[in-house]
Amino acid sequence: MSKKRRTYTREYKVEAVKLVTEQGISLSEAGRRLGISCSMIFRWKQELEAEGDNAFPGYGNLLPVDEELSRLRAENKRLMMECDILKKAMTFLARDRA
């Protein structure tokens, strides 16, 4: 039987990182206190430093760049469909004229 993967909220991750950065507790000690690996806290710390407020977006909450990419892909798909429809219409009209 496999273990269920634990998930952590953004607030939990930020507080875990604060234990290390603001309170001066070592990574291994923070990991022991929280019952998680110190490498996980280290990874969270790196992500928080790199991304700032955009770190840990969570499920369904995309980064602004990813949201725009998704929107642009949908728009591109729509425009390609419109272009195909127009091509078919032009072919149909050209055939009728001949």
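The values are calculated or read from the model by the stated rules, or taken from the named source; none is laboratory data. The model shown is predicted, which means the values in this text are computed figures rather than measured ones. Using ideal geometry, Cβ is built from the backbone for each residue, glycine included, and neighbour counts are taken over all protein chains shown.
Things to note:
- Applying the criterion of being at pLDDT below 95 and of a type in the set (S, T, N, Q) to the residues of segment 51-89, the residue that is nearest to K18 (Cα to Cα) is N54.
- Matching residues in segment 4-30 - criterion: being basic (K, R) and surrounded by 13 or more Cβ atoms within 10 Å (Cβ to Cβ): R10, K13, K18
- Residues of segment 34-50 that turn out to be closer than 16 Å to V14 by Cβ, modelled with pLDDT of 90 or more and loosely packed, with under 15 Cβ neighbours inside 10 Å, as a count: 2
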